[in-house]
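Notes follow the structure.
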Amino acid sequence: EHFSHWERRSRAHATGHFLMPLQDESDIAVVGGGLVGAALAWGLARAGLKTTVLDGADLDPRASRANFALVWVQGKGLHAPHYALWSKASAERWPAFAAALAEDTGIDVALSQRGAFSFALSQDELDTLAAELHTISIETGGAAAPYEILSAEETRRRLPQIGPDVVGAAYSPADGHVNSLRLFRALHAAMRHRGVDYRAGHAVERIDLEAGGFRLSGPYGTVFARRIVLAAGIDNQRLAPMVGLTAPLKRSKGQILVTEKCRPFFDYTSATIRQADEGGVMIGDSEETHTAAISTNQEISVVLANRAMRVFPCLAELNVVRSWAGFRVKTQDGFPIYEQSAAHPGAFVAVCHSGVTLAANHALVVAPQIAAGALSPDLAPFHSRRFHASENS
């Protein structure tokens with residue numbers, strides 16, 4: 001039998017037996033406690049909703065554990081001006097987002113937005129960077145993030161430690177980075193501060209429709225919520241159809257190298273090399289699309305390390321202390337999906353690759369819209385109907 005929330009409460013009072021503990025009922029349940037889910041849950045709680053987060057196990061294939069911690073705008077949104085401007089807007093909101101996290105938790109996420117370089121090791125690479133950034137600028141009517149194309153001499157004047165193989169770079173002042181571990185900790189501390197009921201080891205196996213809301217089930221039992229947000233990363237592909245949504249993803253595996261800590265030498269950041277505030281250097285930007293293995297590929301590690309040393313020869317003096325791989329949450333076209341189910345209103349999905357960059361938008365823009373009951377028309381370009389349109393064209 002299926003009963004509405006109030007019917008179950010009435011039956012419980014009539015019989016003297018509560019059928020479900022009150023803490024298993026919430027205004028909204030967020031499925032997934034990674035960077036996307038945590039940012040949304042915190043934003044929903046700030047908007048006054050009683051929020052539950054149902055998260056998986058520590059060893060689940062989480063994109064959040066393998067992120068590069070960039071607040072990145074440069075080069076994003078080629079042939080997709082809505083995404084270029086969405087990314088830029090989130091980067092601009094990041095100072096307010098970081099300040100709000102610090103106010104709730106006392107945690108400084110070490111936000112640095114001094115700008116970033118994209119290094120070119122051949123003239124073809126530099127020409128490609130210049131062409132893509134110019135196209136994005138044209139497609140956004142000049143509203144995209146500002147940038148400069150620098151010669152080898154101009155790049156070396158700003159960064160004397162670069163190697164002789166660097167033929168130039170693109171630079172944008174809009175880019176930055178954060179301490180990734182501190183960000184994740186701050187989001188979870190902020191959720192606790194706002195009274196979010198976070199439940200680890202509560203992976204959702206099934207979602208059933210019920211009058212007045214949704215029932216989410218797993219080995220732990222069931223949880224009832226009047227609304228839900230699917231923010232479960234790659235598992236959204238399985239969960240979304242249960243509520244009339246779709247989240248078509250493609251496989252995208254990346255790996256990262258981390259060096260021992262060293263003295264500061266790179267006060268900016270790049271898409272492939274960044275020095276964390278604590279001194280270690282992260283090296284990345286690989287992609288494998290035809291494997292399900294989570295293990296690192298040593299051949300790729302060699303390519304990453306060699307390219308990094310060509311950019312900054314001083315890296316040859318450092319030891320790599322760890323490496324890891326992870327699967328990106330990447331849609332078929334690489335752009336986010338934000339959508340409410342037409343068939344089952346109250347069920348939302350949020351899927352994106354850039355969980356760090358877009359965290360400010362998720363907490364400060366998307367969450368309040370979900371709390372109010374509807375997504376803004378401004379988010380219409382991120383609807384999944386774009387995939388159906390491309391299939392029918």
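The values are calculated or read from the model by the stated rules, or taken from the named source; none is laboratory data. Here the structure is a predicted model, which means the values were calculated and not measured. Cβ sites come from the backbone with ideal geometry, for glycine too, and all protein chains shown count toward neighbours. In case anyone asks, the SASA skips ligands and DNA or RNA and just uses the protein heavy atoms, side chains included. Shrake-Rupley method; radii C 1.70, N 1.55, O 1.52, S 1.80 Å.
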Subset of the stretch 183-214 that is closer than 20 Å to ALA57 by Cα and charged (D, E, K, R) - its residue that is nearest to the chain's Cα centre (by Cα): ARG185
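If you take the residues of the stretch 320-340 that are surrounded by 18 or more Cβ atoms within 10 Å (Cβ to Cβ) and of a type in the set (S, T, N, Q), which of them is farthest from MET309 (Cα to Cα)?
Taking the stretch 320-340 and keeping what is surrounded by 18 or more Cβ atoms within 10 Å (Cβ to Cβ), we get 323, 325-331, 335-340.
Now narrow it down to the ones that are of a type in the set (S, T, N, Q): 323, 331, 340.
On the way: SER323: 16, THR331: 32, GLN340: 46 Å.
Per the stated criteria, the residue is GLN340.
Filtering the stretch 361-391 down to residues that are surrounded by 24 or more Cβ atoms within 10 Å (Cβ to Cβ) and of a type in the set (A, V, I, L, M, F, W, C), which residue is nearest to the chain's Cα centre (by Cα)? Lay out the reasoning, then the answer.
Residues of the stretch 361-391 that are surrounded by 24 or more Cβ atoms within 10 Å (Cβ to Cβ), as a first pass: 361-363, 366-367, 370.
Filter once more, keeping what is of a type in the set (A, V, I, L, M, F, W, C): 363, 366-367, 370.
Details: ALA363: 12, VAL366: 13, ALA367: 14, ILE370: 18 Å.
Among those that are surrounded by 24 or more Cβ atoms within 10 Å (Cβ to Cβ) and of a type in the set (A, V, I, L, M, F, W, C), it is ALA363.
Of all residues in the stretch 149-162, which are in contact with a helix residue (DSSP H, G or I) (Cβ under 8 Å, 6 or more places away or on another chain) and not in a strand (DSSP E or B)?
Quick first cut of the stretch 149-162, residues in contact with a helix residue (DSSP H, G or I) (Cβ under 8 Å, 6 or more places away or on another chain) only: 149-150, 161-162.
Passing the criteria: GLN161, ILE162.
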The listed residue being part of a loop (DSSP other than H, G, I, E, B), farther than 18 Å from LEU35 by Cα and open to solvent by 20 Å² or more (accessible area, probe 1.4 Å), out of ASP108, ASP165: ASP165
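Yes or no: the stretch 327-342 includes at least one residue that is closer than 14 Å to SER384 by Cα, aliphatic (A, V, I, L, M), more than 21 Å from the chain's Cα centre (by Cα) and modelled with pLDDT of 95 or more. Break it down stepwise before answering.
Of all residues in the stretch 327-342, those closer than 14 Å to SER384 by Cα come to 330-342.
Pick out the ones that are also aliphatic (A, V, I, L, M) and you get 337, 342.
Among the residues that remain, those that are also more than 21 Å from the chain's Cα centre (by Cα) are: 342.
After this cut, where a residue has to be modelled with pLDDT of 95 or more as well, the list is 342.
There is at least one residue in the stretch 327-342 that is closer than 14 Å to SER384 by Cα, aliphatic (A, V, I, L, M), more than 21 Å from the chain's Cα centre (by Cα) and modelled with pLDDT of 95 or more.
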Options PRO95, PRO81; residue that is free of Cβ contacts under 8 Å to residues at least 40 places away in the same chain and either acidic (Asp, Glu) or over 20 Å from LEU230 (Cβ atoms) (or both): PRO95
Wholly enclosed helices (runs of 4 or more DSSP H) of the stretch 282-393 bearing at least 1 residues in contact with a helix residue (DSSP H, G or I) (Cβ under 8 Å, 6 or more places away or on another chain) and farther than 27 Å from ILE207 by Cα: 298-311
